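K.L.:
One structure follows; several queries about it will come next.
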């Protein structure tokens, strides 16, 4: 090959390499960041006497999700209307207490706001749980219906009653997310024969976000009664406390009528004077499941406050309910 041909090939190779070098090289594309949800939780604040508090500042709070501190976006009073169910124990063990319980229910209803809607549930045993009065904003109709309330024999099914009340409240006004969801239950707290287990109830509370207030009239649980097992009082108290803690509600154990009226007054206050705390989560919004949340009070000037919020929030569809109750022996 002569010198002229070799020179021509070399020039072509150099020009080709230069042209390739001048072409823009593809740059790595940034990976899309996962969506970060803005979380909103109901919040109750109480003082060291367990009384509701109607004021608190954002700088007095710290929020942790899965132990990671979160950025608080806002803190404001929760003025949303409330859909709530009132579940009343009608089992034979509650006979002596039912009149006081009905007075308490009437007091709560009389103090509802005009836009609040209420339904009443009457429960005895697992197969005797009924919607005693359907949802309405008519407080006079609700109170009038209580005149026919009666108790009857049966094995108390507190867990089943709560599951059904929570589900009914969750389904009401389903398309309107501008309403709070609450259940109030008045009972002696002793669950003798429920179909659902406590874990089923706690899971339902996580998935629905329904807040529960519980009034446990435990004075008549006799540890030595043949109808109850040893430790019945402790189990009843633990059950009611666990439901309140999971849902961000409150539990009361009044020992007499004045304490029962005070419990009703506290529930009325809490229904009207809660807060909404909103924060920017660091979690991936696309990941379904339960996200554990803790809210801490930062003490200033010697103040003592208890912060009550749900144990967390749930992302994703609810677990389908059990379709059929199995008969127990």
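Read the figures in this text as sums done on the coordinates, not as results from a lab. Everything numeric here is computed off the predicted structure, so don't read it as measured data. Every residue, glycine among them, receives a Cβ derived from its backbone with ideal geometry; neighbour counts consider all protein chains shown.
K.L.:
Hey, fewest Cβ within 10 Å first, where do 237, 152, 65 land in order?
P.N.:
152, 237, 65
K.L.:
Here is a further query. What's the FRET efficiency of residue 304 with residue 103 using the Cβ-Cβ distance as r and R₀ = 35 Å, to the nearest 0.05?
P.N.:
With a Förster radius of 35 Å, E is 0.60.
K.L.:
Just need the relative contact order of region 91-234 here, percent rounded to a whole number, with Cα pairs under 8 Å and 6+ apart.
P.N.:
Computed value for region 91-234: 22 percent relative contact order.
K.L.:
Another question, if that's okay. So if R0 is 41 Å, what FRET efficiency would residue 74 and residue 144 give, r being the distance between their Cβ atoms, rounded to the nearest 0.05?
P.N.:
Efficiency, from the Cβ-Cβ distance: 0.50.
K.L.:
Report the calculated FRET efficiency for residue 134 and residue 265 (r = Cβ-Cβ distance, R0 = 30 Å), to the nearest 0.05.
P.N.:
0.65
K.L.:
At 10 °C and 1.306 mPa s, what whole-number value in µm²/s does Stokes-Einstein give for the translational diffusion of region 82-272, with Rh from the Kirkwood sum over Cα pairs?
P.N.:
Calculated translational D: 97 µm²/s.
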